[in-house]
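Data first, discussion second: the structure below is written as structure tokens.
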């Protein structure tokens, strides 16, 4: 809970209403200049002072935050947006127009707008946009793409979206190019942040398999950290504290070492790392030399 002197807003108990769900809400007012508001600006509606955390998060216009939900970081809710039922909105996320966050999590630079809906323990992150009448439940969606139109998706699965999706069929065709073939998942509750601000996620095998160089990986086994699902392909695997980030993918190989594989140390980006023995990879990475890569069209 904020102390009065630290908060960048005050709850105006003289400006209150009962919303359509019977919740008593209060307007907020800025007590100093911040990212989204100026001193004295009247904002949107919250249940109490605990609805907003951090020094820059803001609720504007007619937006509402209630039922133990929290908006924090540099996040912004505006328009007629609704954030309710223990939802968490953070990072630089924006919830706008008539969008609804109902028991979901939104972070990164994700944007939920128009009539977009996130509910039932779903999550949106990265630079994903949920728009139109898109309806997301249970699923975790991320990437730089757009889910819009009348898309409805309510399966407990993780999708990386880099294109525009306007209907359910597109979700299967575009995201991961066949989700059933994935052999690992990201653990969103186990993360670490790199020096440059990249957020990395622990991986877990969702089935047993063998890497190309003969290492058996068990179903449920935890591995190292990756920035996104593109960092490991074709049964590639990293163990313990090994990390991969940037535009590099480990193709079918196994690495177990406390190192970071970073595309900024390679000859180029957007290519797949292949045919490298563990010892060679460790030596070149530690010496910060150029990593051998194969060019992919």
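All of the numbers you see were taken from the coordinates with simple rules; none came from a lab. Please read these numbers as outputs of a predicted model, since none were measured by experiment. FYI the Cβ positions are ideal-geometry reconstructions off the backbone, even for glycines, and counts take in every protein chain you see.
Residue 10 to residue 68: extension gain in nm, 0.36 nm per residue of separation minus the Cα-Cα distance?
Working: separation 58, 0.36 × 58 = 20.88 nm, distance 1.78 nm.
Between residue 10 and residue 68, full extension yields 19.1 nm more.
So between residue 204 and residue 120, what do we pick up on full extension, going 0.36 nm a residue minus the alpha carbon distance? Mind dumping the intermediate values first?
Values: separation 84, 0.36 × 84 = 30.24 nm, distance 2.27 nm.
Extra length available between residue 204 and residue 120 comes to 28.0 nm.
Order of 142-150, 99-107, 32-40 by packing, highest average Cβ count within 10 Å first? All intermediate terms of the calculation are to be shown ahead of the outcome.
On the way: 142-150: 20.4, 99-107: 23.1, 32-40: 14.2.
So the order, starting with the most tightly packed, is 99-107, 142-150, 32-40.
Which percentage, to the nearest 5, of the DSSP beta bridges contained in the stretch 9-176 is antiparallel?
Details: 10 of 50 bridges.
Roughly 20 percent of the beta bridges in the stretch 9-176 run antiparallel, per DSSP.
Based only on Cα atoms, what mean projected area does the convex hull of the stretch 9-176 have, in nm²? Let's see the in-between values first.
On the way: hull surface 33.5 nm².
Computed as one quarter of the Cα hull surface, the answer is 8.4 nm².
Each label point is 7 Å from the Cα along the Cα-to-Cβ direction; what then is the distance between the points at residue 234 and residue 192, in nm?
According to this spin-label approximation, the distance is 2.8 nm.
If R0 is 22 Å, what FRET efficiency do you get for residue 215 and residue 155 from their C-beta distance, rounded to 0.05?
Numbers: r = 31 Å, r/R0 = 1.39.
So the FRET efficiency works out to roughly 0.10.
Report the Cα centroid-to-centroid distance between the stretch 1-73 and the stretch 207-223 in angstrom, as an integer.
Spelled out, the Cα-based centre of one part sits 48 Å from the other.
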